[in-house]
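Student: One structure coming up, written as structure tokens, with questions to follow.
The values are calculated or read from the model by the stated rules, or taken from the named source; none is laboratory data. Small disclaimer: the values here were computed from a predicted structure and weren't measured. Heads up, the Cβs are rebuilt from the backbone with ideal geometry, glycines too, and the neighbour counts pull from every protein chain shown. Just so you know, the surface numbers come from the protein's heavy atoms only, side chains and all, with ligands and any DNA or RNA stripped out. Shrake-Rupley method; radii C 1.70, N 1.55, O 1.52, S 1.80 Å.
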Amino acid sequence: MSEQLDDAIIDKLPPEIVEHIEILERMRKDFVANVSHELRTPLTVIMGYIEALRDEAKTNPHLPGPLFDKIYKQSLRMQSIIEDLLALSRIETNKQIAVSDETVDVNILLNTIVQSAEPLIQRKQQSVTVEIETSLKLAGNQEELHSLFSNLIFNAIKYTPDAGRINVRWYAKGADCIFEVQDTGIGIAPKYIPRLTERFYRVDKGRSRESGGTGLGLAIAKHILIRHKGHLEIESEEDKGSLFRCLFR
């Protein structure tokens, strides 16, 4: 169902209108999935040629090496967008299918993600603390949960200035299992928070592009949480930081 229409509005619409909206939504999802697949192959070919030109430019001063580097950088960004679109399409399409009953060791999962982020953390001289209830596990799809937690952790690193602090927590509270990422980053004005999980929505478009974001990470996170019967809470204040909280029941 369209993100622009919530359940309360849908319930008030005539059945034929709801059916038409559902058809349009299926067409949108199919279009995005098909276009993303079609773009992947030519982009792979383009990147192969650019890589060859970059290598040749290292030994040939007549070739514009810096120009090839810029083209390659933008190709990587396009590749990231396509992969995120495909991931979102898969998750949306399968959102009514029960996730795997496998038990995911969140302790191992989070430590793996933080280790992969270590080069970026060191480059930005940030302080990252990880607090985990090691005995607390989660039933779900490991690949999707990796994508969810990774998106939130890397977002915090990207949008937190050098020497900032990030705290990652996994704990139980009552009947809920809770994953939190809190940072001392740039923060978000409250008026923007309701739109953060929309596809391609950016509070500051220029700043997001500089950080390498695709504008799809939180949309992917939202749909993964839907599939795992969880929901996302966001607290933030400009220039003071943000808290992203995932609740699983």
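Student: Rank V168, V181, V35 by mean-square fluctuation in a GNM of the chain with C-alpha springs under 10 angstrom and give only the top-ranked residue.
Tutor: V35
Student: Please check: in the Gaussian network model of the chain (C-alpha springs, under 10 Å), which one of K73, K222, K173 has the largest mean-square fluctuation.
Tutor: K173
Student: Take the Cα pairs of segment 116-249, get the Kirkwood Rh, then feed it into Stokes-Einstein at 25 °C and 0.890 mPa s and tell me D in µm²/s. Walk me through the numbers on the way to the answer.
Tutor: Details: Rh = 15.2 Å.
Estimated diffusion coefficient is 161 µm²/s.
Student: About the Cα centre of segment 118-249, how large is the charge dipole given +1 on each Lys and Arg Cβ and -1 on each Asp and Glu Cβ? Please answer in debye to the nearest 20. Show your work: numbers first, answer last.
Tutor: Details: 20 positive and 17 negative charges, 76 e Å.
Here the size comes out at about 360 debye.
Student: So, counting K/R as plus one and D/E as minus one, what does the shell of residues with Cβ under 13 Å around V114 add up to?
Tutor: Residues close to V114 contribute a combined charge of -1.
Student: Additional query: Using the Cα centre of the chain as origin and beta-carbon charges of +1 (Lys, Arg) and -1 (Asp, Glu), tell me which of F200, G187, A219 is placed farthest towards the positive end of the dipole.
Tutor: My answer, from the dipole projection, is G187.
Student: Another one. Kindly provide the helix-only [θ] at 222 nm of the chain, computed as the sum of -39,500 (n - 2.57) over DSSP H runs of four or more divided by all residues, to the nearest 500 deg cm²/dmol? Display every interim value, and only then the final one.
Tutor: On the way: 7 runs with 129 residues, N = 249.
For the chain, the value works out to -17500 deg cm²/dmol.
Student: So if I place +1 on the C-beta of Lys and Arg and -1 on the C-beta of Asp and Glu, and nothing else carries charge, what would the dipole magnitude of the chain be about its Cα centre? I want it in debye, nearest 20. Display every interim value, and only then the final one.
Tutor: Numbers: 32 positive and 37 negative charges, 122 e Å.
Charge dipole of the chain: 580 debye, to the nearest 20.
Student: In Å², what does the accessible area per residue of the chain work out to with a 1.4 Å probe?
Tutor: Numbers: 14560 Å² over 249 residues.
Roughly 58 Å² per residue, with all protein chains present.
Student: Okay, moving on. How much length, in nm to one decimal, is gained on full extension between K29 and L43, taken as 0.36 nm per residue of separation minus their Cα-Cα distance?
Tutor: Numbers: separation 14, 0.36 × 14 = 5.04 nm, distance 2.10 nm.
Additional length available on full extension: 2.9 nm.
Student: So what is the relative contact order of the chain, in percent, for Cα pairs below 8 Å that sit 6 or more residues apart? Before the final figure, lay out each step's value.
Tutor: Working: 339 pairs, mean separation 42.9, N = 249.
Result for the chain is 17 percent.
Student: Roll a 1.4 angstrom probe over the protein heavy atoms and tell me the percent of accessible area of the chain that is carbon or sulfur.
Tutor: 53 percent
Student: Percent of Cα-Cα pairs per 5 Å bin, from 0 to the last occupied bin, for the chain, please list those.
Tutor: With a bin width of 5 Å, the distribution comes to 1, 5, 11, 14, 16, 16, 13, 10, 6, 3, 2, 1, 0, 0.
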